[in-house]
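Bear in mind these aren't lab numbers, they're just calculated from the coordinates by the rules spelled out. Predicted model only: the values in this text are computed from it and were never measured. So basically every Cβ, Gly included, is an ideal-geometry build from the backbone, and we count neighbours across all protein chains shown.
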Amino acid sequence: MKIIVLKTAEEIGIEAAKIFTDEVKNNPSCVLGLATGATPVPTYNKIKETFSQGGISFKDVKTYNLDEYCNLPKNDKNSYYTFMHEQLFNGLDILEENVHFLDGNATDCDAECKRYDDEINNAGGIDIQLLGIGNNAHIGFNEPADEFTSGSFKVKLTESTINANKIYFDENPMPEYALTMGIRQIMSAKKIVLIATGPKKAEAVRNMIEGPVTAQVPASVLQEHDDVVIFLDEDAASLLKK
Ligand code: GLP
C-alpha cells in the first residue's frame, strides 16, 4: 500500500484526479470504477476542471459504479445514478451509453448482479477503481462480514451505514438494501485509489492499514492488492502508529 498524507481534502482531490486524468490521456478507452459519497467530490471537481481546460476527452471512457440503492427510482435525488451525473458526468463529454450502474430496481437481483459482473469482465476489467471508506471500514457496500464476498450481490445495510447516510434522505426513509460490487470484483481492478478524509474515518483507516486482514474490516483486504494508493488527510491518518 502506498500511503500519502496531505493537509486538505482539496489537495487530495488534485492528486487523486491527476491519477485518473493521466490514465484517460494515456489510455483514452480506459475502464474506470467510480465511487459515491462526499469524499470523492473534490476529486470529481478537479477532473471536471481539467476536462474544461481542454486536451482530454472521456468519449471512449467506460465507467462502472460500485453500488446503488435498492427500491429507489433511478432519477431520485438520492440515487447514485443522479449523484454521479450531478457531481461528474454532466461536466464531461462522457457518453451516457458508457456509464454503468447496477440496477437497484431489478426484479431478479441475482441476474442483475451477474449481468453487471459479466459486463465489467467483457469490458476487460477495471483499470482504476476509486474507493471511499465507510466508518465501519466498508468499501462499496461490502459491510463487515464473516467472509470476503466475490461478485456483485444484494446487501442489507448495517445500522452504522444507515446512520451515516440517512442525513441525505429528508422526506423518504433511506433504503435498507443495496446492490454492490463484491470484494473480489473490487480487488480485480488493476489499480485502486482509496481516499479517506475527516476524523470519523480514523479508526477504519487504522484497522484497514495496520490491523489484520479480515472480512470484519472489509477494506483490510486491500493489503493484499499490489497497486493501491491511499490518500489521507491528517485527521483520517491521526490513529496510524507508523
Ligand atoms: C457509501 C458508499 C461508499 C462510500 C461511503 C462513505 O456507503 N457506498 O462507497 O465510500 O458511503 O461515504 P462518504 O464519502 O460520504 O463518507
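By DSSP, what percent of the beta bridges with both residues in segment 119-242 are antiparallel, rounded to the nearest 5?
That works out to approximately 35 percent antiparallel.
Going through the cross-link list K114/K201; K62/K241; K7/K241; K18/K62; K59/K190; K156/K242, which pairs have a Cα-Cα distance over 27 Å in this structure?
K114/K201; K62/K241; K156/K242
Can you tell me which aspartates and glutamates have their Cα less than 20 Å from the Cα of K46? Leave out same-chain residues fewer than eight positions away.
Within reach: E10, E11, E15, D22, E23, D60, E86, D93, D127, D233.
To check you understand DSSP bridge types, tell me what percent of the beta bridges within the chain (both residues inside) are antiparallel, rounded to 5.
The antiparallel proportion sits near 25 percent.
List the GluC sites (Glu not before Pro) in segment 133-241 that DSSP assigns to loop (not H, G, I, E or B) and whose Cβ has at most 12 other Cβ atoms within 10 Å. Which are they?
Filter output for segment 133-241: E147, E171.
Could you identify which residue out of G151, G104, G33 has the top mean-square fluctuation in a GNM of the chain using Cα springs shorter than 10 Å?
Looking only at G151, G104, G33, the largest GNM fluctuation is found for G151.
Once label points are set 7 Å from the Cα along Cα→Cβ at both I167 and S52, what is their separation, rounded to one decimal in nm?
About 2.6 nm separates the two model spin labels.
Search the structure for amide H atoms under 5 Å from the amide H of L131, placed 1.01 Å from N in the peptide plane, and list their residues when 5 or more places away or on another chain.
Here the answer is V193, L194, I195, since their amide H atoms fall under 5 Å of that of L131.
Give the aspartates and glutamates whose C-alpha is closer than 14 Å to that of K166, dropping any in the same chain fewer than 8 places away, or say none.
List returned: E176.
Kindly provide the trypsin sites (Lys or Arg not before Pro) of segment 61-153 that DSSP labels as loop, not H, G, I, E or B, and whose Cβ sees at most 16 other Cβ atoms within 10 Å.
Sites meeting the loop and neighbour criteria: K74, K77.
Using the Karplus curve 6.51 cos²θ - 1.76 cosθ + 1.60 with θ = phi - 60°, work out ³J(HN,Hα) for each residue of segment 186-192 in order, rounded to whole Hz, and write x for Gly and Pro.
4, 5, 7, 4, 5, 9, 10
Note down the net charge around K77, summing +1 for each Lys or Arg and -1 for each Asp or Glu among other residues with Cβ under 13 Å from its Cβ.
It works out to a net charge of -3.
Using 1/(1 + (r/R0)^6) with R0 = 41 angstrom and r between the beta carbons of V213 and D93, what's the FRET efficiency to the nearest 0.05?
Using R0 = 41 Å, I get an efficiency of 0.55.
What full-extension length gain, to one decimal in nm, is calculated for L240 and Q223 as 0.36 nm per residue of separation minus the Cα-Cα distance?
Difference between extended and current length: 4.6 nm.
Please compute one quarter of the surface area of the Cα convex hull for segment 35-189 and express it in square nanometres.
For segment 35-189, the mean projected area of the Cα convex hull comes to 9.1 nm².
For the peptides 44-53, 183-192, what is the packing order when you average, over each peptide's residues, the other Cβ atoms within 10 Å and list the highest mean first?
The most tightly packed comes first, giving 183-192, 44-53.
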